[in-house]
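Worksheet for the structure shown next.
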Amino acid sequence: MRPLTPITLALSALLALTASGCGAGGDDDFGGKHPDYAKVLAGSPAPLAALHRQANELLPGGEDAYNARLAKLRGYPVVVNVWASWCGPCRFEFPYFQRAAAEYGKQVAFLGIDSEDSDDAAATFLEEVPVPYPSYTDPDKRIRESFDAGLGLPDTAFYGRNGELVYLKRGPYDSLIELRVDIRRYALAGQLEGG
């Protein structure tokens, strides 16, 4: 029997990861389904509960409406995911936002921005992959451009409690763990000691 070469070992490891679903099962306690948002987010503070009541809604109004909502959310950190139904990487990371919004939605405001998309396609996508927060429609990219998002999708903006942009992640999240780390670092910094 010939000894295994580094290339053969690497290919074997890649096949093992692919066969096991790339480790996705460890991050998903919901078996590929979204959590019971009403149950896990019950008792949220009023401004966050208002977001949860608008779950999966596509909100018009553009940049003005978006900025007015950010102003109403002062006092809470805000995580804004920019997505589109036609965007493969957006679809890939969306389950991470489902889970993170369920985990942190009592402390952190989550919003979406549906960019360069049709309302029908976006609504269909949100039926398939529901989230407990609304998304603002942004067909002309003005909201995205207001915080200097990248050329491609997705992007995620983190705002501090004072309403200032703290961090902009360009590109998709590769794992729920990566998103959790950024939420803790940029949204909940200083709040989680001892907890």
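The values are calculated or read from the model by the stated rules, or taken from the named source; none is laboratory data. Nothing here was measured: the structure is a model prediction, and the numbers come from that model. Cβ atoms come from the backbone with ideal geometry, glycine included; neighbour counts cover every protein chain shown. We work out accessible area using only protein heavy atoms, side chains counted, and drop any ligands, DNA or RNA first. Shrake-Rupley method; radii C 1.70, N 1.55, O 1.52, S 1.80 Å.
Observations
- For the range 41-98, a tally of residues being surrounded by 15 or more Cβ atoms within 10 Å (Cβ to Cβ), part of a loop (DSSP other than H, G, I, E, B) and in contact with an Asp or Glu (Cβ under 8 Å, 6 or more places away or on another chain) returns 3.
- Inside the range 115-158, residues that are assigned to a helix (DSSP H, G or I), open to solvent by less than 20 Å² (accessible area, probe 1.4 Å) and of a type outside the set (Lys, Arg) make up a count of 4.
- For first residues located in the range 43-54 and touching a residue at least 24 places away in the same chain (Cβ under 8 Å) and more than 20 Å from residue 99 (Cβ to Cβ), partners that are assigned to a helix (DSSP H, G or I) and open to solvent by 40 Å² or more (accessible area, probe 1.4 Å) and lie 6+ apart or on another chain with Cβ distances below 7 Å form the pairs 47/72.
- Pair list, Cβ under 7 Å, 6 or more apart: the range 176-195 residue exposed (fewer than 13 other Cβ atoms within 10 Å of the Cβ), other residue at pLDDT 95 or above: 192/184
- Cross-chain or 6+ apart pairs with Cβ under 7 Å, the range 147-165 first and on the phi > 0 side of the Ramachandran plot, then modelled with pLDDT of 90 or more and open to solvent by 40 Å² or more (accessible area, probe 1.4 Å): 163/71; 163/74
- Flag if residue 172 is open to solvent by 30 Å² or more (accessible area, probe 1.4 Å), modelled with pLDDT of 95 or more and within 12 Å of the chain's Cα centre (by Cα): yes
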